[in-house]
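Read the structure below first, then the notes.
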């Protein structure tokens, strides 16, 4: 009875350890899943997500075959659920319109979070596989320690924050390896069929994982060599048919997870050769053939870290003494993967991730072997306390750095924090930004792209209506200022900095410089006009030149039909503005007063309602007006006014105490030229 009770307690303790490890591993991997969003800094993420978005829309064929499609189909299923949930909760509007590209910046950050959480779940699955299946095959304590080391591995945690195939490949590769050990131990039909299925799933996750089939073949040979007492290695028909069946099943499963490899074989062959060629290029973590020492050094410093690496070596030696065949089967895949990678000219260390869980399992075996060697010197009565202490001494030095590493993903991104600060502290101020993609609120951004700020003097930015300049260290490719920015720092005012080499922010260093443009320094050519509760200080109109470095408004210049009239309005609230449904209208009229083009919009497109404007502050907005391409050349009148969007009544407009006709402001004439070939 006591034995039954003890067994039950052991099972409950094991279940508790599995649950605790699973929750802890998932928490470390899911914490900070929204890192950098809406910016997308990892290049592999948009490469995967862009294809998956098309799958969500019903196009199951991938655009490229650089990766198999198992992970993409899983992600498509998750995003299907996400978008359905988003439609039900109002996060997305019907009909759902998905972006065509999400490179560098995404308009669906919540979808990225769901995708990253899927990776975190799969990364946690590798931890569970070590403790449950690895523990069953190599000893429960070895499985527990190996799983704990994997749960705390910063390298695995880092890649669990990405929508990519590497962490899923680590899970499927580990499962297939453990299935190979199952073949070695039992050699029955169920072991072979399980191994075949898991090898197919592993290859369907990442092509390199197909090398795990070597472990299955070796397990088959070792098993039948042992069963036949050294007479044959499984080539007899009754044995070989099992291996052949497993191989055939793995191919079928692989093709089921990536069916378009057959259906679009020419495209697959083209992309596969392109993928191979990419390993001969200059991009990568390191370059050069056979850099074995660099891989070893990476595993020591980052991939495993010194203590687990040392324990791994001990575990391999200890397991060789117990079961050389098991060591051979488990090491066949990592060694084959390493040799394959070493032959390449360009190397990406993340390709070793599928081997990391098994190496951590060896480390668990090594930790148990060391403990068993030391137990001879530990009195029996204190062994439980000593074992707990030893485990804590092993894991705690790893836990706190790992905790800090995972917490780094939850840090605010400097780009997001800076733009949020500008929206809050400088409402209605136009920003010239070296960021090519901007944070948007309800589809509206406060910034305009300026490729490299020093290309223009500070006075030019003032003339264009920019009150702030946003400088990014990514553009100047260094944390500190360069000499080219000196005029901005001497003529303008540095008002805020976010990020930097030793800051608590992720992302580049962002500096915000005030240009000095205010209602007092604004060059006003005519008397201000009072429009309702607002004061219109000045308006600049003209042609917009679309430079690759950013737009430029050319005051008074003719505009071609089919293009856009640039209109920059300079507003001010002289007192607190009461809340209302304010709408601005801009009309383009011909000589007969007919409206040929118009724009109706709330001030700042609703981002900065007038009742939020601080009295006396300058508010600058673009009211650019698209022109029809059928517009005949000639002079046209521009007018502007303010009306109540609920009552559709215009607010009175006064100039110098005189009410303006029709309560509208005459902005002068604009010369329209014939449409260019580009637009017409």
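A short reminder: the numbers here are calculations on the coordinates, not readings from a lab. What you see is a predicted model; the values in this text were computed from it and never measured. Note: ideal-geometry Cβ built from the backbone for every residue, glycine included; neighbour counts use all protein chains shown.
Hey, any idea what Rg/Rh is for the range 184-266, computing Rh the Kirkwood way over Cα pairs? Don't skip to the end; give the middle numbers.
Working: Rg = 13.9 Å, Rh = 13.2 Å.
Taking Rg over the Kirkwood Rh, I get 1.06.
What is the helix-to-structure angle for 237-257, meaning the angle in degrees between its Cα long axis and the longest Cα principal axis of the chain, kept from 0 to 90 and rounded to the nearest 10?
10
Sort 232-240, 143-151 for me by packing, meaning the mean count of neighbouring Cβ atoms within 10 Å per residue, highest on top.
Numbers: 232-240: 13.9, 143-151: 28.8.
Put in order of decreasing packing, that is 143-151, 232-240.
Quick check: residue separation of residue 420 and residue 611 times 0.36 nm, minus the Cα distance between them. What number comes out in nm? Kindly include the intermediate steps, with their values, before the conclusion.
Values: separation 191, 0.36 × 191 = 68.76 nm, distance 1.92 nm.
Here the answer is 66.8 nm.
How high is the FRET efficiency between residue 410 and residue 376 when r is their beta carbon distance and R₀ equals 51 Å, given to the nearest 0.05?
Details: r = 46 Å, r/R0 = 0.89.
My answer for the efficiency is 0.65.
With angles folded into 0 to 90 degrees, how steeply does helix 189-205 sit against the dominant principal axis of the chain? Use alpha carbons for both and round to 10.
The answer is roughly 30 degrees.
Evaluate the relative contact order of the range 383-501 (contact order divided by residue number), counting alpha-carbon pairs under 8 angstrom at least 6 apart; express in whole percent.
Working: 91 pairs, mean separation 28.4, N = 119.
About 24 percent, as a whole number.
Can you tell me which of 651-659, 399-407 comes out highest on packing, and rank the rest after it, using the mean Cβ neighbours within 10 Å? Show your work: numbers first, answer last.
Working: 651-659: 13.1, 399-407: 14.7.
Ranked from most to least packed, the peptides come out as 399-407, 651-659.
Figure the gain on full extension for residue 655 and residue 60 (residue separation times 0.36 nm, minus the Cα-Cα span) and round it to one decimal in nm.
Details: separation 595, 0.36 × 595 = 214.20 nm, distance 6.24 nm.
So the chain would gain 208.0 nm between residue 655 and residue 60.
Quick one: what does P(r) look like for the range 344-469 with 5 Å bins over all Cα pairs, in whole %?
So the P(r) values, bin by bin, are 2, 8, 11, 11, 9, 7, 7, 7, 7, 7, 6, 6, 5, 4, 2, 1, 0.
Normalised by the number of residues in the range 529-673, what is the relative contact order in percent for Cα pairs under 8 Å and 6+ residues apart?
Details: 348 pairs, mean separation 42.8, N = 145.
Here the relative contact order equals 29 percent.
To the nearest Å, what is the center-to-center distance of the range 413-475 and the range 83-103, using C-alpha atoms only?
Centre-to-centre distance over Cα atoms comes out at 27 Å.
Over the Cα atoms of the range 562-636, what radius of gyration and what Dmax do you get, in Å?
15.0, 43
Using only the alpha-carbon atoms of the range 414-514 as identical scatterers, what base-10 log of I(q)/I(0) does the Debye formula give at q = 0.10, 0.12, 0.16 Å⁻¹?
-0.23, -0.34, -0.62
Just want to confirm a number: the relative contact order over the chain, from Cα pairs under 8 angstrom separated by 6+ residues, in percent. Walk me through the numbers on the way to the answer.
Values: 1225 pairs, mean separation 73.1, N = 680.
Once normalised by length, the contact order is 11 percent.
Per the Debye formula with a single identical scatterer at each Cα and no solvent contribution, what log10 I(q)/I(0) holds for the chain at q = 0.08 Å⁻¹?
The calculated log intensity ratios at q = 0.08 Å⁻¹ are -0.77.
Pulled fully out, how much extra length does the chain show between residue 525 and residue 263, if you take 0.36 nm times their separation in residues and subtract their Cα-Cα distance? Walk me through the numbers on the way to the answer.
Numbers: separation 262, 0.36 × 262 = 94.32 nm, distance 6.82 nm.
Extra length from residue 525 to residue 263 when fully extended: 87.5 nm.
Please work out the C-alpha center-to-center distance from the range 627-654 to the range 488-551 and express it in whole Å.
Distance between centres, Cα-based: 26 Å.
Against the longest principal axis of the chain, how steep is helix 306-322, in degrees 0 to 90 to the nearest 10, with axes from Cα atoms?
Computed tilt is about 30 degrees.
How far is it, in nm, from the label point at residue 339 to the one at residue 189 when both lie 7 Å from their Cα along the line to the Cβ?
Label at residue 339, label at residue 189, 3.4 nm between them.
Where does each of 376-383, 549-556 land if you order them by average Cβ count within 10 Å, highest first?
Working: 376-383: 9.2, 549-556: 15.5.
So the order, starting with the most tightly packed, is 549-556, 376-383.
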